[in-house]
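Contents: one structure, followed by commentary.
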Amino acid sequence: MGKAKYEALFETKKAKGRILYRLFATSLLCGIILIWSYRLYNIPKPGENGRLGWIGMFGAELWFGFYWLLTQSLRWNRTHRHTFRDRLLQRYENELPRVDVFVCTADPAIEPPIMVINTVLSVMSYNYPPQKLSVYLSDDAGSVITFYALLEASRFSKHWLPYCKKFNVEPRSPAAYFTSLSMSDQSDADFSEIKRLYDDMANRIEGVCRAGVIPDKAILEHTGFSKWDSYSSKGNHASILQVLSDSRDEETKDVDGVILPTLVYLAREKRPQHFHNFKAGAMNALIRVSSEISNGPIILNVDCDMYSNNSNSIQDTLCFFMDEEKSHEIAFVQFPQSFENTTKNELYGSLRVIDGVEFHGMDGNGGPLYTGTGCFHRRDTLCGREFSKDARIDLKSARPGKMEENVHELEERLEILASCTYEENTQWGNEIGLKYGCPVEDVLTGLTIQCKGWKSVYYKPERKGFLGVTATTLDQTLVQHKRWSEGDLMILFSKYSPVWYGLGKLNPGLLLGYLTYCLWSPNCVATLYYSIVPSLYLLKGISLFPQVSSKWFLPFAYVIIAELICSSAEFLWSGGTILGWWNELRMWLYKRTSSYIFAFLDVMLKLFGSSNSTFIVTPKVSDEDVLLRYKQEKMEFGNASPMLTILSTLAMLNLFCLVGLVKELIITREVGLKYAFDTMALQILLCGFLVLINLPLYNGLFFRQDKGKIPSSTVMRIGSSEVWILIALLVVAWSSRGALGIRFVIDREECFSHKVEMGETVHFSFVVIKSEGSWHYSEEGVDLVVKGPSGEQIHDFRDKISEKTEFVAHHEGVYRFCFTNKSPYHETIDFDLHAAHFVYHDEHAKDEHFKPLFEHIGKLEEALYNIQFEQHWLEAQTDRQAIVNEGMSKRAVYKALFESSALICVSILQVFLLKHLFERKLGQSRV
């Protein structure tokens, strides 16, 4: 099929799909507007139950609707691209540009050297002229072990590259290739030899990693090891530059006599007193050093765990960069981030919808954002070049000439470019290179490039271009998303914010697309509200949604069902599974109630100067038992984390609310089934959904016995008094219908009445707080008489300062509590009362299997109420004691002042009398 015919057919299908989706989105928008209208015109009046909760729900739904509108910018105009490599080679086979590949690693402990060199070997083996390909490894840890591994890889490449070309190997990462073959494919002699060479190399590298010492033989064979001394460490070392192979050197050839690509090791200088700007600083050092060695006009950067899975990726990319019509406006080509170690149902979620749907939508509005790996750049745009319609960048280049200086002279000259002081008083990190000051420096850099007039391209080939390693524990996943969402929100409040910096420079659809990701973390507020408040109001029996019989129920039902269908369809269309979509929903909730909370708070603290940016490298290796549970799709909770504490607390809160509702429906029958489902169907479904989606958390809390269960430290934190008191107060406060708590001033007599059902247990307590007179203090208390509906006396307390007790109501009716104050002073009293049906005298449940459970639930509820009453009683006692102490202190002060004044007066009187006495004696003696 020709290019024109293929494009015409593809555009027709795309146009039909776009029309259908726009019709669907328009109908969904109408439903959202109807929901907003319902919320606005049905707000409870002041004083009515549920008014504050209703207003909060209106705010949360306003936010969800607004955010949904933002996400439509990523779906309204999707673009899918296809390349024709054969035509590229026909036109420019001898004029292809030089390509520099940057591989970055930061820590050999969490990014094993054997994984790093597999990535390096995969990009050295591209189906591309080797004399025009240069590979640079940035080792930010300055590890001699990583250098040793790269040296071993350079030797193995002399055998690996010819083997890949001879058998057209895919993928070209040795480890991935050997793993992908079946036993029947491993009988070839060439295969056996290359596998033996790889195993020998891997064994040597892993042996050095375990020992931590480089063999003496290797040190003698290569002078590069002299760059390391005993003082070198991960955060304190000099610049180290080593050219391991140079394509301009005629002697640098593989076993078949073919030139090898240039291979360079770089460890930029790092000192404790100089901030190193994380990955952005490493990339900028690579840009400077490579410009003096190979100076390829095209730069590919990949993470050390993201090996090349498609040997034709460079050719595919050049189809965009060398297109006669549109290449002059393209700054970078972004490939999707794909992972090889994901489980079938993607336990911890994925980037499937982002890669399969949203980035195609950004491409239709001017191009995707730069995600930091698997991206091909024009060198000029990374160096700050502005876009111009008239200026054209010529990428066609011949093989560079031979160097005039030797390798050692070149290394010594260029090491200064990687020093930690080189960028002082320059525009690096500001106008040149990757931007500094943001955890997602890649997104910020791509944004500024697009604001200069450039466009980008999103290309998703049939064979994935790159495969990496994703997180294998829940904690790693949440930390990664915390960093991403925090960095995106920082961009929103920076001088490069899309709102003001990109306004007028970016396509409006692209600007809204950036806002979609910048506003990831603020989603936590609305999601938290929806996860807590409806469930608590459900326990209280207050409906926050329309009744099933109401016409307003239809917009809510339509929006919920349509959104679920749309999200599942997108996920399945992107290649996922139904269970994978369910896991994606779970992670959607977990991220917004943990990662995004911490990200949001951190950004707010940074705005006030209370926090600094940090960069956390996600570990690329896991224990064998962790990997086994991951392959079995068992969620890993093994690491204690504040995020895990939040998730567990929310899960338990929703479980309590649902169990409380079941108790009221089945046991006490305070609420009828028909009434509950008619008035609160959506709240019940929401609470049930939250409990259902949290099943792995309940499993990790109560049932699992392996090391992947929720750690005991987290359970203790969840079970700590502060958290349990919080949950207890929330549940009791929202579920209590017969509670009374009051602090009042009594002159002579005050009476209170409360209606109690037969069989209910009535808890009450009181504490005499203080009297009106400042000088009054007495141990005399007040009298309390409790009488039943027919006037019978139940309790009679005399001269009590405080009391806490309970009784069972044997008759239904109004009970009176009368206080009498015999003191001539006014007294302040704290009085608490609660009536609840804890004893199941009228239980009619027939299923005997549920009886023990409900008894335990009743005991738990009673214990929670007792905690509340105990707390109120102790607080009142504390208030009383504080007031008494304060009064005694004042009286002590007044007494001391009075005594001091009396002593002073007596002293003055004594002086006066003595003086008068001596004057009389003196007069008599003179006479």
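The values are calculated or read from the model by the stated rules, or taken from the named source; none is laboratory data. Worth saying up front: this structure is predicted, and the values here are computed from it rather than measured. A quick note on method: Cβ atoms are made from the backbone with ideal geometry, for glycine too, and the neighbour counts reach across all protein chains shown. Areas reflect the complete protein model, heavy atoms only, side chains present, ligands, DNA and RNA absent. Shrake-Rupley method; radii C 1.70, N 1.55, O 1.52, S 1.80 Å.
Against the list (1) modelled with pLDDT under 95; (2) touching a strand residue (DSSP E or B) at 6+ places or on another chain (Cβ under 8 Å); (3) in the same structural domain as S327 (by the TED database); (4) not aromatic (F, W, Y), the condition T79 fails is (3).
Going through segment 454-483 one residue at a time, which ones are touching a residue at least 60 places away in the same chain (Cβ under 8 Å) and open to solvent by 30 Å² or more (accessible area, probe 1.4 Å)? Residues satisfying the conditions are K455, K460, R463, K464, V469, T470, D475, V479, Q480, K482, R483. The residues of segment 254-280 that are polar (S, T, N, Q) and within 24 Å of R98 (Cα to Cα) amount to a single one, T262. The residues in segment 797-832 that are without any contact (Cβ under 8 Å) to a residue 24 or more places away in the chain and of a type in the set (D, E) can be counted, and the count is 1. Quick check on my filter: what residues within segment 681-713 are over 22 Å from the mean Cα position of the chain (by Cα) and over 18 Å from Q632 (Cβ atoms)? Listed by number, the residues that qualify are A681, L682, Q683, I684, L685, L686, C687, G688, F702, S712. The residues on offer are I432, I416, and the sole one that is assigned by the TED database to the domain that holds R271, surrounded by fewer than 19 Cβ atoms within 10 Å (Cβ to Cβ), under 33 Å from the mean Cα position of the chain (by Cα) and in contact (Cβ under 8 Å) with a residue 24 or more places away in the chain is I432. Could you please find all residues in segment 520-569 being outside any helix (DSSP H, G or I) and under 23 Å from N42 (Cβ atoms)? Result: G541, I542, S543, L544, F545, P546, Q547, V548, S549, S550, K551, W552.
Of all residues in segment 324-342, those that are under 21 Å from D442 (Cβ atoms) and either surrounded by fewer than 19 Cβ atoms within 10 Å (Cβ to Cβ) or among the basic types (K, R) (or both) total 2. Kindly establish whether Q450 is in contact with a Ser or Thr (Cβ under 7 Å, 6 or more places away or on another chain), open to solvent by 10 Å² or more (accessible area, probe 1.4 Å) and part of a helix (DSSP H, G or I). No: the conditions fail for Q450.
Please determine, by comparing only the residues of segment 566-600 that are under 11 Å from the mean Cα position of the chain (by Cα) and of a type in the set (A, V, I, L, M), which one is surrounded by the most Cβ atoms within 10 Å (Cβ to Cβ). Top of the filtered list is A599. Of the residues in segment 48-64, none is at positive phi, more than 29 Å from the chain's Cα centre (by Cα) and open to solvent by 30 Å² or more (accessible area, probe 1.4 Å). Could we say that F321 is in contact (Cβ under 8 Å) with a residue 24 or more places away in the chain, open to solvent by less than 10 Å² (accessible area, probe 1.4 Å) and of a type in the set (F, W, Y) here? Criteria met by F321.
Screening K389, K344, K435 for residues that are farther than 30 Å from L506 by Cβ and among the basic types (K, R) leaves exactly one candidate, K344. The single condition among (1) part of a helix (DSSP H, G or I); (2) at pLDDT 75 or above; (3) of a type outside the set (D, E, K, R) that N866 does not meet is (2). Only a single criterion out of (1) under 20 Å from G296 (Cα atoms); (2) part of a loop (DSSP other than H, G, I, E, B) is not satisfied by Q242, namely (2). Suppose we keep only residues that are open to solvent by 20 Å² or more (accessible area, probe 1.4 Å) and not hydroxyl-bearing (S, T, Y) within segment 644-664. Which one would you say is nearest to the chain's Cα centre (by Cα)? Filtering segment 644-664 for residues that are open to solvent by 20 Å² or more (accessible area, probe 1.4 Å) and not hydroxyl-bearing (S, T, Y), the one nearest to the chain's Cα centre (by Cα) comes out as I646.
Filtered by the rule that a residue be surrounded by fewer than 19 Cβ atoms within 10 Å (Cβ to Cβ) and either not β-branched (V, I, T) or not assigned by the TED database to the domain that holds V659 (or both), segment 542-565 gives Q547, S549, S550, K551, W552, F553, L554, A557, Y558, A562, E563, L564.
Considering only segment 515-532, I want to know if a residue exists there that is open to solvent by 30 Å² or more (accessible area, probe 1.4 Å), free of Cβ contacts under 8 Å to residues at least 60 places away in the same chain, farther than 13 Å from E61 by Cβ and outside the structural domain of I449 (by the TED database). No: segment 515-532 contains no residue that is open to solvent by 30 Å² or more (accessible area, probe 1.4 Å), free of Cβ contacts under 8 Å to residues at least 60 places away in the same chain, farther than 13 Å from E61 by Cβ and outside the structural domain of I449 (by the TED database). The set of residues in segment 777-796 that are in contact (Cβ under 8 Å) with a residue 24 or more places away in the chain and either outside the structural domain of R748 (by the TED database) or of a type in the set (A, V, I, L, M, F, W, C) (or both) comprises V782, L784, V785, V786. Taking the conditions (1) hydroxyl-bearing (S, T, Y); (2) open to solvent by less than 20 Å² (accessible area, probe 1.4 Å); (3) in contact with a Leu (Cβ under 7 Å, 6 or more places away or on another chain) in turn, Y496 satisfies each one other than (2). Does S290 count as of a type in the set (S, T, N, Q), under 24 Å from F387 (Cα atoms) and open to solvent by less than 20 Å² (accessible area, probe 1.4 Å)? Answer is yes for this residue. Taking the residues in segment 499-514 that are outside any helix (DSSP H, G or I) and not hydroxyl-bearing (S, T, Y) as candidates, determine which candidate is most open to solvent (accessible area, probe 1.4 Å). So, considering only residues that are outside any helix (DSSP H, G or I) and not hydroxyl-bearing (S, T, Y), the one most open to solvent (accessible area, probe 1.4 Å) is W500. With respect to being hydroxyl-bearing (S, T, Y) and part of a helix (DSSP H, G or I), T83 falls outside the description.
If you go through segment 236-251 and keep only what is open to solvent by 20 Å² or more (accessible area, probe 1.4 Å) and β-branched (V, I, T), you end up with just V243. Does segment 252-277 hold any residues that are closer than 20 Å to F147 by Cα and surrounded by fewer than 20 Cβ atoms within 10 Å (Cβ to Cβ), and which are they? R271 - this is the single residue of segment 252-277 that is closer than 20 Å to F147 by Cα and surrounded by fewer than 20 Cβ atoms within 10 Å (Cβ to Cβ). Just one of the numbered conditions (1) surrounded by fewer than 23 Cβ atoms within 10 Å (Cβ to Cβ); (2) within 31 Å of the chain's Cα centre (by Cα); (3) small (G, A, S) is not true of S230: (2).
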